[in-house]
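The values are calculated or read from the model by the stated rules, or taken from the named source; none is laboratory data. Worth saying up front: this structure is predicted, and the values here are computed from it rather than measured. Counting neighbours? That spans all protein chains shown, and the Cβs are built from the backbone with ideal geometry, glycine included. Please note that ligands, DNA and RNA were not included when accessible areas were found on the heavy atoms of the full protein model with its side chains. Shrake-Rupley method; radii C 1.70, N 1.55, O 1.52, S 1.80 Å.
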Amino acid sequence: SEKLRALGGPAPLAENIGDAGNTGFPAFAVSQNGVLMYRSGTGFPKRQLSWLDRTGKQVRGIGEPQLLATTSLSPDGKRAAIGAASAGTTLAADIWLRDVERGTATKFTFLPGSSHSPTWSPDGTSIVFVNSPTPGLYDIYRKRADSADKEELLLHGGVNATPYDISPDGKMLLYGETEPNTKDDLWLLPLTGSNTDRKPVKYLDSPGNDGVAQFSPDGRWVAYGSD
């Protein structure tokens, strides 16, 4: 029987391949007739926060362009929590708090690994975010927005765990997590009481992938995306 084997060393075909959206994978494809197509670039593009009016017209930019991954505006509209990526990567390294009037930013997280997906509490006093010391396994933390206090661990080792929203009364975190049989599901985690009393409860496990969820202003409904 015939066997395939590689001959010689590897040879570069193209350099500076761009990123495929926010996937973390390089953007290229090879056709059956041997043509290689790819996006040129140096990785994750820099973006700038901007105020838009109701028609979608840009009013003004906020701060300098940077490697933005995730953003959450404070309830009073005065600050933005930003997951800012390290140079040349597609994953956020730390969360920063940017003053949307002055454009200045201060570092908010100092954990090892990648911190991203910030979510403000309804009263603006704290921020829930994700840290991934191990790829695929995420820890969810809570930290006061105006304090140097240590962050509080809310959930450990959730598979692709992602905080989406906090209920209007501040008592419940709505987040997503992946399970082998039911794909991406929605969960609720109590934010009050002791650590031992706060047990996650599954909210939705449809056959599809469910995510990007948000509470209604009265807390009675949840809007979410699903495939």
query = Excluding same-chain residues fewer than 8 positions from K78, which aspartates and glutamates have a Cα within less than 19 Å of its Cα?
reply = D53, E64, D99, E101, D123, D146, D165
query = If you take the charge dipole of the chain about its Cα centre, with +1 on Lys and Arg Cβ and -1 on Asp and Glu Cβ, which of G9, Y138, S115 is farthest toward its positive end?
reply = G9
ask   = Longest span of the chain, sites excluded, free of GluC sites (Glu not before Pro) in DSSP loop with at most 16 other C-beta atoms within 10 Å?
value = 102-227
request  = Could you let me know the centre-to-centre spacing of segment 189-227 and segment 129-183, using Cα atoms, in angstrom?
outcome  = 12 Å
query = Between S206 and E64, what FRET efficiency follows from the Cβ-Cβ distance if R0 is 25 Å, with the result rounded to 0.05?
reply = 0.05
ask   = Using 1/(1 + (r/R0)^6) with R0 = 30 angstrom and r between the beta carbons of A27 and Q214, what's the FRET efficiency to the nearest 0.05?
value = 0.50
task = Could you work out, for segment 124-227, what percent of all Cα-Cα pairs fall into each 10 Å distance bin, beginning at 0 Å and stopping at the bin that holds the largest distance?
result = 15, 47, 33, 5, 0
remark   = A student applying the Cα gyration tensor rule (rounded when a/c is under 1.5; otherwise prolate if a/b is larger than b/c, oblate if not) would label segment 82-152 oblate
query = So for Y175, Y38, Y141, Y164, what's the accessible-area order with a 1.4 Å probe, most first?
reply = Y38, Y164, Y141, Y175
query = Going 7 Å from the Cα of L137 toward and past its Cβ, which residues in segment 183-210 have a backbone nitrogen under 20 Å from where you end up?
reply = 183-185, 200
ask   = Quick one, which of [x] 1.14; [y] 1.24; [z] 1.19 is the actual Cα Rg over 2.2 N^0.38 Å calculated for this model?
value = [z]
query = With each label point set 7 Å from Cα along the Cα-Cβ vector, what nm distance links A14 and S147?
reply = 5.1 nm
query = Based on the alpha-carbon gyration tensor of segment 74-193 and its eigenvalue square roots a ≥ b ≥ c, which shape applies: rounded if a/c is under 1.5, prolate if not and a/b is larger than b/c, or oblate?
reply = oblate
request  = Just order 122-134, 189-201, 64-76 by mean Cβ neighbour count inside 10 Å, highest at the front, would you?
outcome  = 122-134, 64-76, 189-201
